[in-house]
1. What size of dipole, in debye to the nearest 20, comes out for the chain about its Cα centre when the only charges are +1 on Lys and Arg C-beta atoms and -1 on Asp and Glu C-beta atoms?
2. May I ask you to sort V205, V295 by Cβ crowding, counting other Cβ atoms within 10 Å and putting the fewest first?
3. Please determine, in degrees from 0 to 90 and to the nearest 10, the orientation of helix 202-211 with respect to the longest principal axis defined by the Cα atoms of the chain, where the helix direction is its Cα long axis.
4. For region 170-304, what's the relative contact order in percent, using C-alpha pairs closer than 8 Å and at least 6 residues apart?
5. Once you have the alpha carbon radius of gyration of the chain, what is it after dividing by 2.2 N^0.38 Å, with N set to its residue count?
6. Do any of K22/K251; K85/K206; K22/K63; K206/K293 go past 22 Å between their Cα atoms, and which?
7. Equivalent ellipsoid semi-axes for region 162-306, as square roots of 5 times the alpha carbon gyration tensor eigenvalues: give them largest first, rounded to whole Å.
8. Put +1 on the Cβ of every Lys and Arg and -1 on every Asp and Glu Cβ in region 194-306; which of A244, P201, F265 then has its Cα farthest towards the positive end of the dipole?
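Values quoted throughout were computed directly from the atomic coordinates according to the rules given, and no laboratory measurement underlies them. Being a predicted model, the structure only gives us computed values, none of them experimental. Quick reminder, even Gly has a Cβ in these numbers, built from the backbone with ideal geometry, and neighbours come from all protein chains shown.
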Amino acid sequence: MLIDTRTTESMIASLTTYLNIKEDELFQYIDNAASKARIDCKTFDLDIFKDEIIQIISDFYPKEQIDEIYVYHLTRRLNDSIEDKSCDSLKSLLLQESPLSKFLRQYNIDFFEKEGHPVIVFNNNEISLENSYEVQSSKSLYELIFNDNSDSLEDEFDADVCYLRGRLGYDTGREDYCFNGFAFRHFLMKNSYVKDLDKGPEFLVKLSNYLSIDGILEKYRENSKYYCFTYKMTIDEIIFDERADLENQNKANYFLVQILIRIIFYMKDGKCISDDNNPIVRIADDANVPESKLVNVEEITPEMIE
């Protein structure tokens, strides 16, 4: 079964079907679980809420299992590549002939495989990404990418190196070639990442900054459009970024809890001012997403993210 996560209304309708109850009953159960998790006016225990929701699901014993999920992938595609709606891993895009590798060659940037991962070649010189990763190891990669508030140019440079080492697979066990997306479409345009990606692909931002290449981002943006691709994936294909350890049934339970948390906030005031708790979904690093899994293509306009 698939829980439709495109809108709040579609999520509620899917949940009532999944649990075989009426909408007002669903809200009663959600409110009861939230009441038990509310310690005081300022404290909400998510662990208690999670346990209550999982118990409710267990009590209803749904006849169908959640075996599919929508994944909302944000992508800025070059104008001559939109016909191909599959999603290859970054490793494939850099090492094989692709619109991205072709674009980068205009700026004398190429890649070759060395010790199992892509290596940057700039102006016919191999570029070393040695170092700085260990220095910054106390920070998570997420913090380095999204929360680097340092005023030091050296810190910014280090963050670029750390990011590129991860994306290019320099550190065994920390490779990050993979396709990713978000679990929920509603309110997605309020996610801070949406505005970040409007400037250009994250990898290209970091690469151009590291190599100090002027104009490359502007050129890419001028010759590309911004899209949200919706793919229908099986639950066993996907990995929740914050809970990569989960097995399939636990993935489904985690997913349901995240849905119901969002519904609680919707019940509270009927609107959302942020989407930064939208679960990030990815797939295996060596996997590609075929076009056959695509269910919708939506162009993202500047008006949608203002």
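1. On the way: 34 positive and 59 negative charges, 136 e Å.
Dipole about the Cα centre, nearest 20: 660 debye.
2. Numbers: V205 19, V295 11.
Ascending number of Cβ neighbours within 10 Å: V295, V205.
3. With rounding to tens, the tilt is 30 degrees.
4. 48 percent
5. On the way: Rg = 21.2 Å, N = 306, 2.2 N^0.38 = 19.4 Å.
Rounded to two decimals, the normalised Rg is 1.09.
6. Numbers: K22/K251 25 Å; K85/K206 24 Å; K22/K63 16 Å; K206/K293 29 Å.
Cα-Cα > 22 Å for K22/K251; K85/K206; K206/K293; rest within.
7. Values: eigenvalues 146, 96, 44 Å².
Its equivalent ellipsoid spans semi-axes of 27, 22, 15 Å.
8. F265
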